[in-house]
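Engineer: Mind looking over this structure? Questions follow.
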Amino acid sequence: MAGVSRALLAAAAAACSLAWGQTQQDENFKQAGVCARCHVISVVEWSISKHPQAGADCVACHGKSEGHVIDERNNIKPEHIPHGEAIAGMCASCHGDGCPKTRNKASCQKCHHYHALVNPEQPAVAKDDHYEELAARWARYRERMAEGERKVQARDWSGARAAFQAALKEKPGDPAAAERERMCGRRLKATWPGFEIAGSEYDERTGLPRKVKVAGLGIPMVLAPGGEFEMGSDRLAMAKPAHTVRVEPFYLGERELTQAEWTAIMGGNPSTHQGAGFPEAVQMPVDSVSWADCQEMIARLNARVAGGGFRLPTEAEWEFAAKQGKTAAPPLTPEAKGPAVTGRTPANQFGLFDLLGNVWEWTSSLAKPYPYDPRDGREDPAGKGLRVLRGGSFSDAAEWLDPSARHSDRPERRLKWNGVRLARSVPD
Amino acid sequence: MEPKLMIANQNCTSRRKFLLAAGACLAGGPGAAGAVREYRRGGMVYRSLGRTGMDVSLLSFGSHTDPKDRRPGGPNRTVLSPEGQQRRDLLIEKALDLGVNLLDVYESEGQWEPVARLVKEKRQRVLISLAHEVSPAEIARAVKLFGHVDLYRFHTAEIDGQTMETWDRLRKAKALGQIRAIGIATHTESVMAKALHELEGIDYLFFPYNFIHARADYSQFLPVAIERNIGLIAMKPLASGSIMRLDPRARPGAKPEFEELQVWQRRNKAILPAAVAELTRSLNRMPDETLCMAAMRFVYGKPFLTTANTGIFEEQLLDDNYAALARYQETAPEQRAALQAASRVARLAGPGWLPEEYRWLEEQWRA
């Protein structure tokens, strides 16, 4: 009888344990959020590890990966997917002392699967003090971040900045906390070297003024807040393959540089479309400029404006800006008529005019095959080769008025349909 | 011994070295990288056009038409008469049957639409070469007619700002997939050399080349072209048909008929008859060969050329050009003698042996 009772008790305990495990797993699935829709196996692995209890969720290791979440075709990959030895590097960001059981600091994947599935037949017995401490620190981190966000809502930029700095102390190097801290710092800044702030709009995420003017010259520029986007297009042979690229926030000329603005910087106007027959030439984009001419113009501009840092946009930046909302192009015109006055067609979502059509715009990039990688030398100003032009012009076939279309030419070439648009990195 | 007529410029040594190297390349020997690949199918020989991936028949069909088939009209003031068009269509059909796969089509003669209709069913095995205004609208019209354009070029006398703009338009059309290969035609050697340096992505060059007008800067231009795998297409392989008129033998309709030559002959009886007699003797030593065939063989034998693009407006001419493809790599001594003699006759005749509109050949390309 006693044996039967013991057996019944054991069965009841197992059932309770199973029920508790099931409930906990459901909770974990909820915590995994949208990731659990596709990555079921990974979430199961993760949920039976200690990671959920420590608050190390999908975002903690893989980043927000907003592009990946909305991309059904899976062309855009998560922000972080370490492979090989890099996996141990990621584990070390929390397990700095190595494996809680073996103290081994390398090759975690020899014993653990990607999402830390510990062999259920041989549960770890070592107590992980570091884990307890880490869980507490992460809880404090979440509290600080929430406090910071509350202060952001209240427009208390100093208080919010302090909260985000405190969060960074709990989780050093955390990109989310660092970004929010930088945003608050920017909101506290009254002036920007080389810029006059135009308007009162600020970007919520970056804390940067949306519209500015180049000090002393009045050239309007617009903030492109940066992010991930799909660069290239599988429809166009010259822009294959489509791939994910991330760009940092930058400022881009609201319009192509006009003949008047070029003259103000350079003291002369090389444009073909000027003089008799072009009464509004000063407001038309400058044309017949080479990439080398643009470098000369930029050097003069940087010498003249405090802080400098003006440059041509990279082709990734240009395309990122051109893919924001529908961009209207000025109508194609007979060649003799030349480009249109800038800024007369509707602007895109960022407030940029004439990205498509009017004149081709030089970029800083060397013409190299995709995928775009700024570390492969294509952004070297001294690099030899063709430089990329973007946007199409008044004289081109309609197929060129496509944000993904790429053309290129020699840096010394001056053609009557080639112009320029200014860019500048954020002058922090 | 190298025949004199093959001396293309004064730098004989480098030229000989160059030809030997080019021959080795053609044979797939050492240094075959960048060589013009060649193979034979039936009676036709095919060579690769530079790096374009296209194989072109060694004889290709030029567009010029017989003046007697023309009547007023069209954008260039003359178009083919209905009978002329019919004759021309039959010639194209025959050329395609013989293995010719490149048609050079002139819209200035109103030929785009008739040729597009003619080749519609066999478009996949015919390469269309166009030389016309380079504008997005005209290229789009050509694409609409032909599906795509295999070769598109424009003629230029110098490399200047205007040329650069035109070239930019061609490059864009190629990038959009409308054109497979882009190039220029030029009558000037210095422009050829400059084009290689200045025109980004150039795929091929059309330039004059025949046994009389074979001057080209072998030491500078051709090695660069071969190294960069630029396709080279010979135009005027028969000096716009004038070479045929040098043939003194009595093939019906092919006797020397150029008036100024005859005038010169009358004035210089002491010299010209001897030269003509030598040419006649040379040709008589090869009864199955015409001067036209020998002249075409000279061009076919150059390993750096992809194709000889010649105007074809009569069946006999097509037959001769095709027949010359047999054994084109073997140049018999009597053939060389005939070409030398014909070259002497042309030299003695002065520029008058060419029609006025082609005298630039004599001024710029005399070997």
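The values are calculated or read from the model by the stated rules, or taken from the named source; none is laboratory data. Fair warning: this is a prediction, and the values are worked out from it, not measured in the lab. Cβ atoms come from the backbone with ideal geometry, glycine included; neighbour counts cover every protein chain shown. We work out accessible area using only protein heavy atoms, side chains counted, and drop any ligands, DNA or RNA first. Shrake-Rupley method; radii C 1.70, N 1.55, O 1.52, S 1.80 Å.
Engineer: Would you pull out the residues with amide H under 5 Å of B:HIS132's amide H, same chain only if 5 or more places away, H placed 1.01 Å from N?
Structural biologist: For B:HIS132, the qualifying residues are B:ARG153.
Engineer: A follow-up question, please. Testing the spin-label approximation: label points 7 Å from Cα along Cα→Cβ at B:ARG141 and A:CYS38. State their distance in nm.
Structural biologist: Label at B:ARG141, label at A:CYS38, 4.9 nm between them.
Engineer: Additional query: Can you list the equivalent-ellipsoid semi-axes of chain A, largest first and in whole Å, using the square root of 5 times each Cα gyration tensor eigenvalue?
Structural biologist: Three semi-axes, in Å: 54, 24, 19.
Engineer: Sticking with this structure for a sec: Express as a percent, rounded to the nearest 5, the fraction of DSSP beta bridges in region B:47-173 (both residues included) that run antiparallel.
Structural biologist: Percent antiparallel among DSSP bridges in region B:47-173 is about 40.
Engineer: Sequence-distant or interchain residues sharing an amide H contact under 5 Å with B:LEU205, placed H: which?
Structural biologist: Sorted by chain and number, the residues that satisfy this are B:GLY231, B:LEU232, B:ILE233.
Engineer: Between rounded, prolate and oblate, where does region B:314-367 land on the alpha carbon gyration tensor, with a ≥ b ≥ c its root eigenvalues, rounded for a/c under 1.5, else prolate if a/b exceeds b/c?
Structural biologist: Oblate is the answer for region B:314-367, as a/c is 1.5 or above yet b/c matches or exceeds a/b.
Engineer: How charged is the neighbourhood of A:ARG142? Take every other residue with its Cβ under 12 Å from the Cβ of A:ARG142, and add Lys/Arg as +1 and Asp/Glu as -1.
Structural biologist: With Lys, Arg at +1 and Asp, Glu at -1, the neighbours total -2.
Engineer: Also, I was wondering about something else. Extent of region A:170-219 along each principal axis, from alpha carbon coordinates, in Å, largest to smallest?
Structural biologist: 44, 18, 15
Engineer: Ok, one more. When Lys and Arg each count +1 and Asp and Glu each count -1, what net charge do the other residues less than 13 Å away from B:LEU199, Cβ to Cβ, add up to?
Structural biologist: Summing Lys and Arg as +1 and Asp and Glu as -1 gives 0.
Engineer: Ordering A:SER395, A:SER158 by how much accessible area each has at a 1.4 Å probe, largest first, what is the list?
Structural biologist: Ranking A:SER395, A:SER158 by accessible area, largest first, yields A:SER158, A:SER395.
Engineer: Another one. For A:CYS38, A:CYS184, write out the residues from largest to smallest accessible area, computed with a 1.4 angstrom probe and no ligands counted.
Structural biologist: These residues rank, largest area first, as A:CYS38, A:CYS184.
Engineer: At 7 Å along the Cα-to-beta-carbon direction for both B:ARG123 and A:ARG137, put a label point, then send me their distance in nm to one decimal.
Structural biologist: The modelled label-to-label distance comes out at 6.8 nm.
Engineer: Cross-link candidates for B:LYS94: which lysines have Cα within less than 28 Å, leaving aside residues fewer than 8 places away along the same chain?
Structural biologist: B:LYS68, B:LYS120, B:LYS122, B:LYS144, B:LYS236, B:LYS255, B:LYS302
Engineer: Another question, then. Just add up the charged neighbours of A:GLU228: K/R +1, D/E -1, any other residue whose Cβ is under 12 Å from the Cβ of A:GLU228.
Structural biologist: Local net charge: -1.
Engineer: Keeping all protein chains in the complex and leaving out DNA, RNA and ligands, what accessible area do you get for A:LEU236 with a 1.4 Å probe, in Å² to the nearest 10?
Structural biologist: It works out to around 20 Å².
Engineer: Just to be sure I understand the model, the point goes 7 Å from the Cα along the line to the Cβ. What's the resulting A:ALA303 to B:GLU330 distance in nm?
Structural biologist: So the two model labels end up 7.3 nm from each other.
Engineer: Calculate one ³J(HN,Hα) per residue across region B:192-205 by plugging θ = phi - 60° into the Karplus curve 6.51 cos²θ - 1.76 cosθ + 1.60, and present them in order as whole Hz with x for glycine and proline.
Structural biologist: Calculated HN-Hα couplings, in order: 4, 5, 5, 4, 4, 8, 9, 8, 5, x, 5, 9, 7, 10 Hz.
Engineer: Considering only Cα-Cα distances, which of the following residue pairs are longer than 25 Å: A:LYS77/A:LYS213; A:LYS30/A:LYS169; A:LYS213/A:LYS368; A:LYS337/B:LYS172; A:LYS105/A:LYS171; A:LYS240/B:LYS194?
Structural biologist: A:LYS77/A:LYS213; A:LYS30/A:LYS169; A:LYS213/A:LYS368; A:LYS240/B:LYS194
Engineer: With springs connecting C-alpha atoms under 10 Å apart, model chain A as a Gaussian network and identify which of A:LYS50, A:LYS171, A:LYS110 has the largest mean-square fluctuation.
Structural biologist: Largest GNM mean-square fluctuation: A:LYS110.
Engineer: For A:ASP428, what accessible area in Å² do you get when you roll a 1.4 Å probe over the heavy atoms of the protein chains, rounding to the nearest 10?
Structural biologist: Approximately 110 Å² of A:ASP428 is accessible to the 1.4 Å probe.
Engineer: Most fluctuating residue of A:ARG205, A:ARG378, A:ARG255 in a GNM of chain A with Cα springs under 10 Å: which is it?
Structural biologist: A:ARG205
Engineer: Now for a separate question. Quick one: accessible surface of B:SER219, probe radius 1.4 Å, all protein chains present, in square angstrom to the nearest 10.
Structural biologist: Taking all protein chains as shown, B:SER219 has close to 60 Å².
Engineer: Here is a follow-up. Ordering A:GLU280, B:GLU121, B:GLU357 by how much accessible area each has at a 1.4 Å probe, largest first, what is the list?
Structural biologist: B:GLU121, B:GLU357, A:GLU280
Engineer: Next question, about the same structure. Is region A:203-270 rounded, prolate or oblate when judged by the Cα gyration tensor, a ≥ b ≥ c being the square roots of its eigenvalues, rounded requiring a/c under 1.5 and prolate requiring a/b larger than b/c?
Structural biologist: The shape class here is oblate.
Engineer: For A:LYS337 and A:ARG235 in the same chain, what is the full-extension length gain: residue separation times 0.36 nm, less their Cα-Cα distance, in nm?
Structural biologist: Separation in residues times 0.36 nm, less the Cα-Cα distance, equals 33.6 nm.
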